[in-house]
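The values are calculated or read from the model by the stated rules, or taken from the named source; none is laboratory data. Quick caveat, the model's predicted, so the values are computed rather than measured. When we count neighbours, we look across all protein chains shown, and the Cβ atoms used for this are built from the backbone with ideal geometry, even at glycine.
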């Protein structure tokens, strides 16, 4: 498979354990997809406190990144490079993302406290300012790709924007997509979800994507909990969700339950855009 110039996965790192896991996760994906990796370290007071070195210098940072690059290239047989930027974390990520034209960002998070303030609502800020699909990972190790993908469906018509991503990921990894339409008792929303689900199924059929359909229950707790419980039960490796710009910089309880799920299942967050084409391309 020929590699395009912007077949790039961008991974911010502060050299912490969870960011190293993000690098290994990204390297595994890159080796399968024939993408290259670009690591980004942003120098500011927030990043420095995670490092053991006192009087941190550019030489020390460069040496650390060179070691990571060398090890990852050897272990995963991928093309990998790094960038160092100084200043505001979010502006630096945006600038790096614009420069390399990344199709995907892998973001390691410590949960609600930790890495460069990439926590809670700040995860949403990274996704929003880049408009690039972002996979959120914690300490759970990446195994052998994505074989079971969880695809929640709500009454939002924007859920359709997850379809192209689901198709591409499923075909790339030979995965099964587990559709979970949200149970709605009201006639209007119930019919709307049924209509959206039918359209999605038709597209999956058209592109020969394996899927199963599991309707949520009105008696088994809130929808986010059901999604996570189902993902755990079916040993899923990825959950798909959308971010909502209207939330500004605040996560809903839905977002937090999904992104910071206790089983640490990676979550791909997609920013709805006004286009018919997603970053990995239309099938």
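Structure notes:
- Near pairs, Cβ below 6 angstrom, 6+ apart or cross-chain, from the range 178-207 (without any contact (Cβ under 8 Å) to a residue 12 or more places away in the chain) to any residue that is outside any helix (DSSP H, G or I) and surrounded by 12 or more Cβ atoms within 10 Å (Cβ to Cβ): 190/184
- Scan of the range 65-87 for residues that are out of contact with any strand residue (DSSP E or B) (no Cβ under 8 Å at 6 or more places or on another chain) and in contact (Cβ under 8 Å) with a residue 40 or more places away in the chain, ordered by number: 75, 76, 77
- Among residues of the range 24-37 being touching a helix residue (DSSP H, G or I) at 6+ places or on another chain (Cβ under 6 Å) and either crowded, with 23+ Cβ neighbours inside 10 Å or not assigned by TED's automatic domain parsing to the domain that holds residue 123 (or both), the one that is modelled with the lowest pLDDT is 27.
- Count of the range 141-153 residues which are crowded, with 19+ Cβ neighbours inside 10 Å and over 12 Å from residue 236 (Cα atoms): 2
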